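Beneath this line is the structure, given in structure tokens, with notes to follow.
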Amino acid sequence: MVTIIIVSYNSAAVMRRCQHELLSSGRFRVIVVDNASADGSAEQLKADYPAIEVIALDRNIGYGRGANVGLREVTTPYGFLVNPDLFVTPDDIDRLLQAAREHAGEATVFAPAVKEKDHLCQGLLSREWVIGAAMLFDMALLEKVGLFDENIFLFYEEKDLCFRIRAQGGNILLVSDLYLEHLKGQACKPSDFVVHLKNWHVGWSSFYYLSKHDLQHGKHHPANILLRYSIKAFLSRDSDKRKRFRARLQGIRAFLRGEPAFLENGQPQAAGAD
């Protein structure tokens, strides 16, 4: 009925913490797409959970591209894309599937609440977009829209997909009765490089998304965003915040120069100071 897809990058430890019951249950087909982890995550997961399938990539291709690798392997009616740092059990998946089956054909995406503010206990609620940490896809409907945009390395890939779903008349439904705790930001071990990489791509991907869908108006006009980020990058009292916003500015400037998110060798852009 459902295939679980998890995109991993140095994520074995947090997956054992958050998803041990799911990974060891054997109740569902589980595909882990490992984005060239440097900590042996692929080998650890194969050893700890022999029933799961691990696709070990030779380089880090990002979240959307990694998710697409797993989604292309799905042969069940549903595919559930879930972050490594999300607490989820087989019972949670059963509840999500029940909601999808009871409303079959009504939505391309069914998503649990992964923020407490969305845990409204009001049944299924229509949303413009949902967080990519947990998305249950009706695979037949997803096929009509297409998978994640592979021009994006990180961030805004779920917003882009949801925009395309809605543009084609599809629906996105939040299952507000089901809450899955998201540790957020712990899918891989943080470091200065990872923080810079993520923020560079926040900047690049935000402008790519706005440009692609002609949304560069009002507060989303490039000049307004550049002004806000510049102020924060140079005037914030917090040095870490200044670094994050400077990285975002670098990503934005790269996009405006026509640079892609990936280098010619397939590695993600992660330029240092301009």
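The values are calculated or read from the model by the stated rules, or taken from the named source; none is laboratory data. Everything quoted here is computed from the prediction, not taken from an experiment. Methodologically, a virtual Cβ is constructed for each residue, glycine included, from the backbone with ideal geometry; neighbour enumeration extends over all protein chains shown. Each accessible area value is taken on the protein alone, full model and side chains, heavy atoms only, with ligands, DNA and RNA left out. Shrake-Rupley method; radii C 1.70, N 1.55, O 1.52, S 1.80 Å.
Can you name the number of the only condition in (1) under 23 Å from Ala270 (Cα atoms); (2) surrounded by 18 or more Cβ atoms within 10 Å (Cβ to Cβ); (3) touching a residue at least 60 places away in the same chain (Cβ under 8 Å) that Arg59 fails? Here Arg59 meets the rest and fails (2).
A Cβ distance below 9 Å, combined with a sequence gap of six or more or placement on separate chains, defines the contacts here; from region 167-186, residues that are under 27 Å from Glu143 (Cβ atoms) and touching a residue at least 60 places away in the same chain (Cβ under 8 Å) reach residues that are open to solvent by 60 Å² or more (accessible area, probe 1.4 Å) and hydroxyl-bearing (Ser, Thr, Tyr) in the pairs Asn171/Ser126; Ile172/Ser126; Leu173/Ser126; Leu174/Ser126. Look at region 233-249: where a residue is over 21 Å from Gln269 (Cα atoms) and a partner is among the charged types (D, E, K, R), sitting 6+ places away or on another chain with Cβ atoms under 6 Å, you get Ser236/Arg242.
For region 134-166, taking the residues that are touching a residue at least 60 places away in the same chain (Cβ under 8 Å), over 25 Å from Val88 (Cα atoms) and among the acidic types (Asp, Glu), the one that is most open to solvent (accessible area, probe 1.4 Å) is identified as Glu150.
Looking at region 1-31 only, could you name the residues that are open to solvent by 60 Å² or more (accessible area, probe 1.4 Å), hydrophobic (A, V, I, L, M, F, W, C) and under 21 Å from Leu154 (Cβ atoms)? Scanning region 1-31 gives a single hit, Ala13. With the structure loaded, tell me whether Leu235 is over 29 Å from Arg65 (Cα atoms), open to solvent by 40 Å² or more (accessible area, probe 1.4 Å) and not basic (Lys, Arg) or whether it fails that test. Yes, satisfied.
Quick check: is even one residue across region 200-210 open to solvent by 40 Å² or more (accessible area, probe 1.4 Å) and either of a type outside the set (Gly, Ala, Ser) or in a helix (DSSP H, G or I) (or both)?
Taking region 200-210 as the starting set, the residues that turn out to be open to solvent by 40 Å² or more (accessible area, probe 1.4 Å) are none.
Scanning region 200-210 turns up no residue that is open to solvent by 40 Å² or more (accessible area, probe 1.4 Å) and either of a type outside the set (Gly, Ala, Ser) or in a helix (DSSP H, G or I) (or both).
I'd like to check something: does region 78-101 contain any residue that is part of a loop (DSSP other than H, G, I, E, B), farther than 19 Å from Glu21 by Cα and open to solvent by less than 30 Å² (accessible area, probe 1.4 Å)? No; the residues of region 78-101 include none that is part of a loop (DSSP other than H, G, I, E, B), farther than 19 Å from Glu21 by Cα and open to solvent by less than 30 Å² (accessible area, probe 1.4 Å). If the condition is being open to solvent by 60 Å² or more (accessible area, probe 1.4 Å) and either modelled with pLDDT under 90 or basic (Lys, Arg) (or both), then region 247-269 contributes Arg253, Arg257, Glu264, Asn265, Gln267.
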